[in-house]
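Bear in mind that the values in this text are calculations on the coordinates, not laboratory data. Values in this document were obtained by computation on a predicted structure and should not be read as measured data. Cβ placement follows ideal geometry from the backbone for every residue including glycine, while neighbour counts extend to all protein chains displayed.
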């Protein structure tokens, strides 16, 4: 088995809000990967005393532990339990009903000798490759279908679509959101490799069109996750110098994380 992980903050002066982990039990009978992209809060606050990195570390740690130790739980149940555990850690000090309470996108995959399960919530991506080289992208595309006017930085507008029916969903403090995740299961024999990317890294495909998802996974395999992130940074710098035709109003650099697992 080959595993590789790379992550880089969008701004060296700010903490990286992503989280990534690979869990490999001593039994050697399977494993899991976890990738979270913490949602940067508005300047108006979140109703919480804790930072987004605090939240993603807590949630990511719980997901890693539960996904490998509780094999009888579905990935949706694992996510719900991890959200509950994290919420209990700060329920007494923070307003968890605030629409911008610390939250994150989620990619979770787990493999055994028989199956490969996956769960995706919000706009990070999971790629799976079959033995014949066919790459399938597993996405939760609800955020991309929300009208841009509804995604204004105005907190009132944002609250009408965040974790609401007809909008999009992230892991925050309500465990019921786990039922909204995109999930699936494949036979282990049909999966050769997995790659998980936060949206700071999926820019390689989605913003800069350096290649399709198959080319993206091939680049990660051949050059490594760190090389893909560095190429994204080069493209971002060139785009900013040209007046940001590709990124528009988006921030020039975003936290970027890539995890690669060859089964």
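Using a simple spin-label model with pseudo-atoms 7 Å out from Cα toward Cβ, residue 158 and residue 91 lie 2.5 nm apart.
Taking the Cα centroid of region 35-55 and of region 212-244, what is the distance between the two, rounded to the nearest whole Å? Rounded to whole Å, the Cα centres lie 26 Å apart. Taking the chain as a Gaussian network of alpha-carbon nodes connected by springs under 10 Å, the highest mean-square fluctuation of the residues 49, 108, 126 belongs to 49. Can you give me the relative contact order of the chain as a percent, contacts being Cα pairs under 8 Å and 6 or more apart? It rounds to 25 percent for the chain. Every helix of 4 or more DSSP H residues in the chain counts as -39500 (n - 2.57), and over all residues that averages to -8500 deg cm²/dmol at 222 nm.
Each peptide in 24-30, 195-201 receives the mean, over its residues, of other Cβ atoms within 10 Å, and ordering these scores from highest gives 195-201, 24-30. Dividing the convex hull volume of the alpha-carbon atoms in region 98-227 by its residue count gives 126 Å³ per residue. Spacing of the modelled spin labels on residue 43 and residue 70, each 7 Å from Cα toward Cβ, amounts to 4.0 nm.
Values of log10 I(q)/I(0) for the chain across q = 0.12, 0.13, 0.16 Å⁻¹ run -0.69, -0.82, -1.26, by the Debye formula with one identical scatterer at each alpha carbon and no solvent. When 48, 94 are arranged by Cβ crowding within 10 Å, least crowded first, meaning fewest neighbours, the order is 94, 48.
Inter-label distance, residue 262 to residue 227: 1.2 nm, where each label sits 7 Å from its Cα along the C-beta direction.
The alpha-carbon positions of region 31-159 define a convex hull whose volume is 113 Å³ per residue. For region 1-98, the relative contact order is 25 percent, taking Cα pairs closer than 8 Å that sit 6 or more residues apart in sequence and dividing their mean separation by the residue count. Taking every Cα-Cα distance in region 44-114 and sorting them into 5 Å bins from zero, the calculated P(r) comes out as 3, 16, 27, 21, 14, 10, 5, 2, 1, 0 percent.
Each peptide in 164-173, 209-218, 31-40, 77-86 gets a packing score, the mean of other Cβ atoms within 10 Å over its residues, and the list from highest to lowest is 31-40, 77-86, 164-173, 209-218. When the alpha carbon coordinates of region 1-82 are projected onto the principal axes, the ranges are 45, 27, 15 Å, largest first. Rounded, prolate or oblate: which one fits region 154-263, using the alpha carbon gyration tensor with axes a ≥ b ≥ c (rounded when a/c is under 1.5, else prolate when a/b beats b/c, else oblate)? Oblate.
Quote to one decimal, in nm, the extra length available between residue 3 and residue 179 on full extension: 0.36 nm per residue of separation minus the C-alpha distance between them. Mind showing how you got there, number by number?
Numbers: separation 176, 0.36 × 176 = 63.36 nm, distance 2.89 nm.
Between residue 3 and residue 179, full extension yields an extra 60.5 nm.
Would you mind getting me the FRET efficiency between residue 165 and residue 215? Use the beta-carbon distance for r and R0 = 41 Å, nearest 0.05. Please report the intermediate quantities before stating the final value.
Details: r = 36 Å, r/R0 = 0.87.
Calculated transfer efficiency: 0.70.
Once Rg and the Kirkwood radius are both taken over the C-alpha atoms of region 204-244, their ratio Rg/Rh works out to 1.01.
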